[in-house]
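The values are calculated or read from the model by the stated rules, or taken from the named source; none is laboratory data. This one's a predicted model, so the numbers in the text were calculated from it and none came from an experiment. Cβ coordinates were reconstructed from backbone atoms using ideal geometry, including for glycine residues, and neighbour counts include every protein chain displayed.
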Amino acid sequence: MADILNSAKQNMIQVIDHFKLELRGIRAGRASTTLLENVFVDVYGSQMRLKDIATFTTPEPRQILIMPFDASNAKAIEQALNKANLGIRTVLEGKAVRVVFPELDGARRKELVSQVHKELEACKIAIRNVRRDHNEILKKSKDTPEDDAKRIEKQIQEATDKGCKEADDVAHAKEKEIMTV
């Protein structure tokens with residue numbers, strides 16, 4: 001029965017880690033290479049992640065310089081970034097692509113905060129789904145004494161509350177980062 005509890009805790013940790021990864025993709029006014037990591041570029045006849053075909057540098061706080069390993073891919077990278085609709089401006093500079101992040105205005109900051117809240121709600125739903133699934137497994141287990149089942153169910157609920165609180169804290173920190181001018 002401890003396996004059910006450990007499994008629930010592990011799954012909740014994975015949900016929170018995924019949530020943190022999703023929030024890394026929401027920009028907060030300064031250049032972040034994590035925003036570009038999962039952009040796919042059509043090169044060599046297939047879709048490849050940008051981070052697999054180029055290196056990134058940040059010469060200024062609101063700029064990223066992308067240097068493709070193969071200079072002939074620069075145009076394809078620029079097109080993929082424009083198609084990704086990330087709210088950035090791209091400039092093709094010979095063998096490199098410069099990405100300029102515009103200053104965030106109040107309305108855009110509120111949109112990003114709203115996006116954080118949507119991701120937070122999705123995270124909490126996923127945590128509650130983990131709780132539900134593991135409670136069902138516990139109820140279907142016939143060899144567990146009722147007292148033990150209630151105790152484990154209570155511990156799963158405590159893990160759920162802890163996971164939701166951690167997700168709230170992560171979202172609050174990201175919201176503060178976005179709203180900081």
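When you look at residue 152, is it crowded, with 19+ Cβ neighbours inside 10 Å, of a type outside the set (S, T, N, Q) and not in a loop (DSSP other than H, G, I, E, B), yes or no?
Here the answer is yes, as residue 152 does meet what is asked.
When region 102-135 is examined, which residues are found to be within 16 Å of residue 10 (Cβ to Cβ) and of a type in the set (S, T, N, Q)?
129, 135
Any idea which of 30, 24 is in contact with a Pro (Cβ under 9 Å, 6 or more places away or on another chain), modelled with pLDDT under 90 and of a type outside the set (Asp, Glu)?
None of the others qualify; the one that does is 30.
Which members of region 150-161 meet the condition of being without any contact (Cβ under 8 Å) to a residue 60 or more places away in the chain, over 27 Å from the mean Cα position of the chain (by Cα) and closer than 17 Å to residue 132 by Cβ?
Result: 150, 153, 154.
Taking region 1-24 on its own, how many of its residues are among the hydrophobic types (A, V, I, L, M, F, W, C) and either touching a Leu at 6+ places or on another chain (Cβ under 7 Å) or closer than 30 Å to residue 39 by Cβ (or both)?
Counting residues in region 1-24 that are among the hydrophobic types (A, V, I, L, M, F, W, C) and either touching a Leu at 6+ places or on another chain (Cβ under 7 Å) or closer than 30 Å to residue 39 by Cβ (or both) gives 8.
So which residues in region 52-108 are on the phi > 0 side of the Ramachandran plot, free of Cβ contacts under 8 Å to residues at least 24 places away in the same chain and touching a helix residue (DSSP H, G or I) at 6+ places or on another chain (Cβ under 9 Å), if there are any at all?
94
Looking at region 124-149, which of its residues are in contact (Cβ under 8 Å) with a residue 40 or more places away in the chain, assigned to a helix (DSSP H, G or I) and farther than 24 Å from residue 20 by Cα?
137, 138, 148, 149
Please state which one of 19, 56 is among the aromatic types (Phe, Trp, Tyr), more than 23 Å from residue 168 (Cβ to Cβ) and at pLDDT 85 or above.
Just a single option satisfies the conditions, and that option is 56.
Condition test on residue 139, is it at pLDDT below 90, basic (Lys, Arg) and in the same structural domain as residue 49 (by TED's automatic domain parsing)?
No: the conditions fail for residue 139.
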